[in-house]
Amino acid sequence: MNNLTKLTIISMISLGLFACQQKKTQDTTATPTPTTDTKTVSNEKGKIVYVNIDSLMEKYNFYQDSKNNLEGQIKNMQKEVEERATSIQKEYVGYQQKGDNMTPVEMQAAQKSLAAKEQSLNAYKAKIEESIMKQQQQLDKILKDKINVYLAKKAEDHGYDYILSYTSAGIGMLYGNKNLDITNEVITELNDLYKSEKK
């Protein structure tokens, strides 16, 4: 998975304090309601759960479909670059083979043609790199927004105050009790939402 994407999602999810926490803070005289939810930790600081980002990105169908689509576009662009580079190389070899049979004027024209084609190819490569970066950034933003909206609603529905992130690299959280892991239900619900959006 793209490291930039993972860090983007981690920064969005890590230590996420949602609207329900703000509501509780405003009402300081309210009596705490006991909970029987075994997947949360409740204390004076609120109810806490966490999501495994590695698993979420691996099994979230929207992300995988979008990533595969982007990778397909990148592969096609790279193929076109390689074909154009090969064409220029063949043209260069052809001019070399002609060698002394070319007049100075023809040689100058050939060099000018090759330089123009190389310049065009370099400009195209730069355009591709910029396009790929923009598409990746757009995907990251859409992914972040989708997860953010979903988690905010889930936190409100279940009374979660914090939804932490966890990765195998230990970024965001070093350890989490498995009883607090809501990753699988998050993946299932997000995939159900994505499936309904595709209809």
For the range 64-135, just run the numbers: alpha carbon Rg, then divide by 2.2 N^0.38 Å, N being how many residues it has.
1.51
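Would you work out the relative contact order for the range 82-199, in percent, from Cα pairs under 8 angstrom that are 6 or more residues apart? Don't skip to the end; give the middle numbers.
Values: 28 pairs, mean separation 16.8, N = 118.
In percent, rounded to a whole number, it is 14.
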Cleavage-rule hits (chymotrypsin sites (Phe, Trp or Tyr not before Pro)) in the range 111-199: DSSP loop, at most 15 neighbouring Cβ within 10 angstrom:
175
Mind checking which of 103, 170, 114 is farthest towards the positive end of the range 47-199's charge dipole, using Cβ charges of +1 (Lys, Arg) and -1 (Asp, Glu) about the Cα centre?
103
Calculated log₁₀ intensity ratio I(q)/I(0) where the Debye formula runs over C-alpha points of the range 127-191, q = 0.15, 0.19, 0.24 Å⁻¹
-0.64, -0.89, -1.13
From the phi of every residue in the range 58-74, what ³J(HN,Hα) in whole Hz does the Karplus formula 6.51 cos²θ - 1.76 cosθ + 1.60 yield, where θ is phi - 60° and glycine or proline is x?
6, 10, 7, 4, 4, 5, 5, 5, 5, 5, 5, 5, 5, 5, x, 5, 4
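So how much slack lies between residue 171 and residue 114, counting 0.36 nm per residue of separation and subtracting their Cα-Cα distance, in nm? Please list the in-between numbers first.
Details: separation 57, 0.36 × 57 = 20.52 nm, distance 4.93 nm.
Separation in residues times 0.36 nm, less the Cα-Cα distance, equals 15.6 nm.
Excluding residue 146 itself, calculate the net charge of residues whose Cβ lies under 15 Å from the Cβ of residue 146, where each Lys or Arg counts +1 and each Asp or Glu counts -1.
+2
Given N residues in the range 101-155, what is its alpha carbon radius of gyration divided by 2.2 N^0.38 Å?
Values: Rg = 23.7 Å, N = 55, 2.2 N^0.38 = 10.1 Å.
Here the Cα radius of gyration is 2.35 times the empirical estimate.
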Using a 7 Å offset from the Cα along the Cα-to-Cβ direction at both residue 84 and residue 185, what is the distance between the two label points in nm, to one decimal?
5.2
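None of the figures in this text is laboratory data; all of them are computed from the coordinates on show. Only a predicted model underlies this, so the values are computations on that prediction, with no experimental measurement involved. All Cβ positions, even for glycine, are placed from backbone atoms using ideal geometry, and neighbour counts span all protein chains on display.
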